[in-house]
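For reference, the structure is listed below as structure tokens.
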Amino acid sequence: MMDAILLLVRRLCVCGLLSGVALTLVKDSGHEAIMRLCCASLLVVVLFTSLPGIRLSVPDMPQREAMQRQADDAVAQAAASQCDAICRGAENYVRSRAAAQGIACTVTVEGALDEDHVFAVESVQVGGAQTAGQRQALRQLAREALGVGEEQVQFTGECADETE
């Protein structure tokens, strides 16, 4: 590759010298503009005939695979962090809405990002002793706030009244 570049530089130098001599010979004549056009054309021809001889090859970098792996790991870690932050925010939201209704509970939201990086809630676990009415209110709250079905809401602990 270096040989091809050296050859190109030599050809361009020779072309420049020839152009300079030719322009000096026609100086102060009416043909100077035509000679400039011819010199520029010669330069373009030399340049474009020499360029295909230069083979630019990108050397195989062993670091490239390692860098790609690091980038993939960083993207996966960011997605996991984002998913975790969304789950914690959803938990706090449902817990605060439940507290506003007078229901003390613990909430655990499980979710995941799909291949399009869209978050979806997979399950909601609600802990604490609640009555059947409170559990129904919490199911309704989870459906409205998180867009989950009743089957995705699970309760841990025993129901305070056994009417459920």
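Data for the structure
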{"item": "Segment 94-112, residues that are more than 19 Å from G157 (Cβ to Cβ) and either surrounded by 13 or more Cβ atoms within 10 Å (Cβ to Cβ) or in contact with a Cys (Cβ under 7 Å, 6 or more places away or on another chain) (or both)", "result": "R97, G111, A112"}
{"item": "For A132: the one exception among (1) within 30 Å of C159 (Cα to Cα); (2) under 23 Å from the mean Cα position of the chain (by Cα); (3) at pLDDT below 90", "result": "(2)"}
{"item": "Failed criterion for A79 (all others in (1) of a type in the set (G, A, S); (2) surrounded by 14 or more Cβ atoms within 10 Å (Cβ to Cβ); (3) without any contact (Cβ under 8 Å) to a residue 24 or more places away in the chain hold)", "result": "(3)"}
{"item": "Test: residue in segment 46-66 that is exposed (fewer than 11 other Cβ atoms within 10 Å of the Cβ), out of contact with any Leu (no Cβ under 9 Å at 6 or more places or on another chain), of a type in the set (A, V, I, L, M) and not in a loop (DSSP other than H, G, I, E, B)", "result": "yes"}
{"item": "Filtered residues of segment 15-33 (kept if under 54 Å from the mean Cα position of the chain (by Cα) and surrounded by fewer than 12 Cβ atoms within 10 Å (Cβ to Cβ))", "result": "L17, G20, A33"}
{"item": "Breaking point among (1) exposed (fewer than 14 other Cβ atoms within 10 Å of the Cβ); (2) among the acidic types (D, E); (3) part of a helix (DSSP H, G or I), for E91", "result": "(1)"}
{"item": "Options R36, R10; residue that is in a helix (DSSP H, G or I) and loosely packed, with under 12 Cβ neighbours inside 10 Å", "result": "R10"}
{"item": "Scan of segment 113-127 for residues that are of a type outside the set (A, V, I, L, M) and either surrounded by fewer than 13 Cβ atoms within 10 Å (Cβ to Cβ) or more than 14 Å from A85 (Cβ to Cβ) (or both), ordered by number", "result": "D114, E115, D116, H117, E122, S123, Q125, G127"}
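For (1) part of a loop (DSSP other than H, G, I, E, B); (2) acidic (D, E); (3) in contact with a strand residue (DSSP E or B) (Cβ under 6 Å, 6 or more places away or on another chain); (4) more than 12 Å from A90 (Cβ to Cβ), each residue gets a yes or a no:
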| residue | (1), (2), (3), (4) |
| --- | --- |
| V109 | no, no, yes, no |
| H117 | yes, no, no, yes |
| Q130 | yes, no, no, yes |
| A137 | no, no, no, yes |
| Q140 | no, no, no, yes |
| G157 | yes, no, yes, yes |
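The values are calculated or read from the model by the stated rules, or taken from the named source; none is laboratory data. Model, not experiment: these values are computed from the prediction. For neighbour counting, all protein chains shown are included, and Cβ atoms are generated from backbone atoms with ideal geometry for every residue, glycine included.
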